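Notes for the one structure printed next.
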Amino acid sequence: MPAHPTEPATPLPATPLPATGRSFVVGALGHRLRVTVGGQDADALGAAFADAWSHLLLSDAAAGGAEVAEQELSVVAPGGDTAVAAALADASARITRALIDRSTGQGLLFHAAAVADRDGGAILLVGPSGAGKTTAVARLAAASGYLTDEMALVGADGAVLPYPKPLSVGRGGPVKAQLAPRALGLAIAEPRPHPVSRVIVLDRDPGLTGPPRSRRLDLIESLEALVPQLSALAHHPRPLRDLAELIRQVGGIELLTYADARELDPVAGPPAAPPGSAEELAFTTPAVGRDTAEGTPGLVRTPVGDAVEAGGLLALAHGAEVRVLAGIAGTLWRETAQPRTEDALLARLRDAHGAAPGDDAAFRDAVGLLVDAGVLEWRR
């Protein structure tokens, strides 16, 4: 798996050049997308698109001609007071979606923003819609450099490749405005991979009093916080191991709680929690295989994409979800790489955890829960 997709061609330095008429070529994350605008307000939409995407538009010479565009998108503004703004927002969403599709399998795809730090690294700001990522980026990137908003691709080398798309900014209307970084006074960071130096999960709490505060998450907490903000998890060959390596690389994930992102210090950056120790960030990667031979009855674990163990907890990647197992649930999963009978499993659990009155009923309850959750299955 490459560390990053091929570097994008050098973007135009100033006023963009439309490729052909109302057609533009966007170069980002090593890909070229041709965007054609049309509709009743095509002229206004074309001008707005050229302004918002100016720093990522390629000339015909740089783009290499229409035949090298990997995908073509058509955006239409049908007319009306908000038609151009709505079409521009639609274009941004579709371009980003196309890049996500084309980057699947080339790294970890976060629903995140990123800014450069003083040393040329990247601070990843992770969180769902409404967490304040764009506001935080607009606050922090003025001093350090803008890398991306809404989508961040972290390669196998633990670095972010910039995708400085227009920022989606709410201005009181029904549609968010798509603004070029310069419209917000943001410098664009160098177009090269930036090693991730911090990963911050944004926790917006309007009721918080006092300044923003940060705490470090343990490794399993970090996995549970990051996985919901990943795209195409099921298509990644080793998502939990790569996530755990990233967590270890940055000294642990930080949970930043604040009432308003505008409270963040644009010079000093977000407050930092003390880094985790090597022992706190240690993990192992148990084998995830299972016996696929037919005809052997018993309880067996279901297929998983990846597994990480830390602090006595076991995290399993099931499709787009992560399940965390503790205690006898983790032991049951470890012991069912091959089908086992209930009696054999109960004996193994007693060896590992000790016998106790009523443990047979607790065992059967745990088996039932894991079967219902799709972690284990009966092979008849």
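The values are calculated or read from the model by the stated rules, or taken from the named source; none is laboratory data. This structure is a prediction, so every number in the text was calculated from the model and none was measured. Note that we place each Cβ from the backbone using ideal geometry, even for glycine, and neighbour counts take in every protein chain shown. What goes into the accessible areas is simple: the full protein's heavy atoms, side chains included, and nothing from ligands, DNA or RNA. Shrake-Rupley method; radii C 1.70, N 1.55, O 1.52, S 1.80 Å.
Of the residues 231, 222, 214, which is in contact (Cβ under 8 Å) with a residue 60 or more places away in the chain and open to solvent by less than 50 Å² (accessible area, probe 1.4 Å)?
After applying the criteria, what remains is 231.
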message: For residue 165, only one of the following conditions fails: (1) within 22 Å of the chain's Cα centre (by Cα); (2) of a type outside the set (Val, Ile, Thr); (3) more than 26 Å from residue 31 (Cβ to Cβ); (4) in a loop (DSSP other than H, G, I, E, B). What is its number?
response: (3)
- request: Of the numbered conditions (1) surrounded by 20 or more Cβ atoms within 10 Å (Cβ to Cβ); (2) in a helix (DSSP H, G or I), residue 102 fails exactly one; give the number of that condition.
  value: (1)
- prompt: If you go through the range 276-290 one residue at a time, how many are farther than 30 Å from residue 365 by Cα and either surrounded by 14 or more Cβ atoms within 10 Å (Cβ to Cβ) or among the polar types (S, T, N, Q) (or both)?
  reply: 5
- prompt: In the range 323-379, what residues are among the β-branched types (Val, Ile, Thr) and either open to solvent by less than 40 Å² (accessible area, probe 1.4 Å) or in contact with a Gly (Cβ under 7 Å, 6 or more places away or on another chain) (or both)?
  reply: 331, 336, 341, 367, 375
- request: Report the residue count in the range 114-158 for those that are in a helix (DSSP H, G or I) and of a type in the set (Ser, Thr, Tyr).
  value: 3
field: helices (runs of 4 or more DSSP H) (entirely within the range 306-380) containing at least 3 residues that are within 21 Å of residue 293 (Cα to Cα)
entry: 328-334, 342-353
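Residue-wise test of (1) open to solvent by 30 Å² or more (accessible area, probe 1.4 Å); (2) closer than 21 Å to residue 27 by Cβ; (3) among the small types (Gly, Ala, Ser).
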position: 90; (1), (2), (3): yes, yes, no
position: 107; (1), (2), (3): no, yes, yes
position: 114; (1), (2), (3): no, yes, yes
position: 125; (1), (2), (3): no, no, no
position: 129; (1), (2), (3): yes, no, yes
position: 139; (1), (2), (3): yes, no, no
position: 147; (1), (2), (3): no, yes, no
query: Is it the case that some residue within the range 291-302 is over 18 Å from residue 219 (Cβ atoms), open to solvent by less than 40 Å² (accessible area, probe 1.4 Å), without any contact (Cβ under 8 Å) to a residue 40 or more places away in the chain and not in a loop (DSSP other than H, G, I, E, B)?
result: no
query: Does residue 315 meet the test of being closer than 30 Å to residue 137 by Cα and touching a strand residue (DSSP E or B) at 6+ places or on another chain (Cβ under 9 Å)?
result: no
- line: Subset of the range 151-176, residues of a type in the set (Lys, Arg) and touching a residue at least 12 places away in the same chain (Cβ under 8 Å), comes to 165, 176
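Residue-by-condition table, conditions (1) in contact (Cβ under 8 Å) with a residue 60 or more places away in the chain; (2) of a type outside the set (Asp, Glu); (3) at positive phi:
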site: 305; (1), (2), (3): yes, yes, no
site: 355; (1), (2), (3): no, yes, no
site: 359; (1), (2), (3): no, no, no
site: 362; (1), (2), (3): no, yes, no
task: Spot the failing condition for residue 152; the list is (1) more than 22 Å from residue 269 (Cβ to Cβ); (2) surrounded by 19 or more Cβ atoms within 10 Å (Cβ to Cβ), and only one is missed.
output: (1)
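Considering only residues of the range 1-52 that are modelled with pLDDT of 50 or more and hydroxyl-bearing (Ser, Thr, Tyr), which is farthest from the chain's Cα centre (by Cα)?
The selected residue is 23.
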task: Please find, among 207, 170, the residue that is of a type in the set (Gly, Ala, Ser), at pLDDT below 90 and open to solvent by 50 Å² or more (accessible area, probe 1.4 Å).
output: 170
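Taking the range 279-290 on its own, how many of its residues are of a type in the set (Ser, Thr, Tyr) and either without any contact (Cβ under 8 Å) to a residue 24 or more places away in the chain or in a strand (DSSP E or B) (or both)?
1
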